[in-house]
């Protein structure tokens with residue numbers, strides 16, 4: 001699916017992680033070779049008017065096409081970070097919903113490339129409204145719902161090699 005339309009002059013959100021540098025190697029504990037837990041993520045510089053946040057983590061280099069590792073949406077606009085090892089529940093106590101990954105499971109699925117070094121992107125989107133989608137949505141449905149509602153976005157990319 002094509003990328004959603006970003007409203008006018010979208011702002012760039014600064015995204016980072018205390019677990020790995022942008023472009024650096026993702027520690028094994030966040031992969032299928034380790035504990036397969038979600039990494040901690042932090043962001044700042046959200047645009048004014050942000051009503052909710054969404055996150056999509058994927059691997060665009062997968063042999064069968066983009067592999068989706070994580071889908072989150074309707075996260076509170078005042079949220080500044082996600083701690084590591086988030087539960088694989090449909091809804092969070094702090095607010096927000098989780099969608100399905102490419103294995104059709106709710107929650108985070110760590111990198112697990114068959115071979116070689118691959119890139120894994122964690123993208124944060126600032127949205128001008130709540131998506132109000134039921135839990136368990138796919139990346140494609142979320143992207144379609146976000147179209148025309150993105151105020152800003154940012155990303156961190158990590159690498160992993162088996």
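Below is a table of values for the structure above.
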quantity	calculated
Residues of the stretch 91-121 that turn out to be touching a strand residue (DSSP E or B) at 6+ places or on another chain (Cβ under 7 Å), surrounded by 16 or more Cβ atoms within 10 Å (Cβ to Cβ), part of a loop (DSSP other than H, G, I, E, B) and without any contact (Cβ under 8 Å) to a residue 60 or more places away in the chain, as a count	5
Matching residues, the stretch 80-90, being surrounded by fewer than 16 Cβ atoms within 10 Å (Cβ to Cβ) and outside any loop (DSSP other than H, G, I, E, B)	81
Test for residue 73: is it surrounded by 21 or more Cβ atoms within 10 Å (Cβ to Cβ) and assigned to a loop (DSSP other than H, G, I, E, B)	no
Qualifying positions in the stretch 70-88 - free of Cβ contacts under 8 Å to residues at least 40 places away in the same chain and farther than 19 Å from residue 58 by Cα	76, 78, 79, 80
Filter pass, residue 131 being buried (at least 17 other Cβ atoms within 10 Å of the Cβ), more than 14 Å from the chain's Cα centre (by Cα) and either modelled with pLDDT under 95 or on the phi < 0 side of the Ramachandran plot (or both)	yes
Residues (under 20 Å from residue 16 (Cβ atoms) and under 11 Å from the mean Cα position of the chain (by Cα)) located in the stretch 76-100	82
So residue 1, is it assigned to a loop (DSSP other than H, G, I, E, B) and at pLDDT 95 or above	no
Complete set of residues in the stretch 20-67 that are buried (at least 21 other Cβ atoms within 10 Å of the Cβ) and touching a helix residue (DSSP H, G or I) at 6+ places or on another chain (Cβ under 6 Å)	39, 56
Residues of the stretch 139-160 that turn out to be part of a loop (DSSP other than H, G, I, E, B) and buried (at least 17 other Cβ atoms within 10 Å of the Cβ), as a count	1
Scan of the stretch 5-18 for residues that are closer than 16 Å to residue 80 by Cβ and either assigned to a loop (DSSP other than H, G, I, E, B) or modelled with pLDDT of 95 or more (or both), ordered by number	13, 14, 15, 16, 17, 18
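The values are calculated or read from the model by the stated rules, or taken from the named source; none is laboratory data. Quick caveat: nothing in here was measured; it's all calculated off a predicted structure. Glycine gets a Cβ as well: all are built from the backbone with ideal geometry, and neighbour counts include every protein chain shown.
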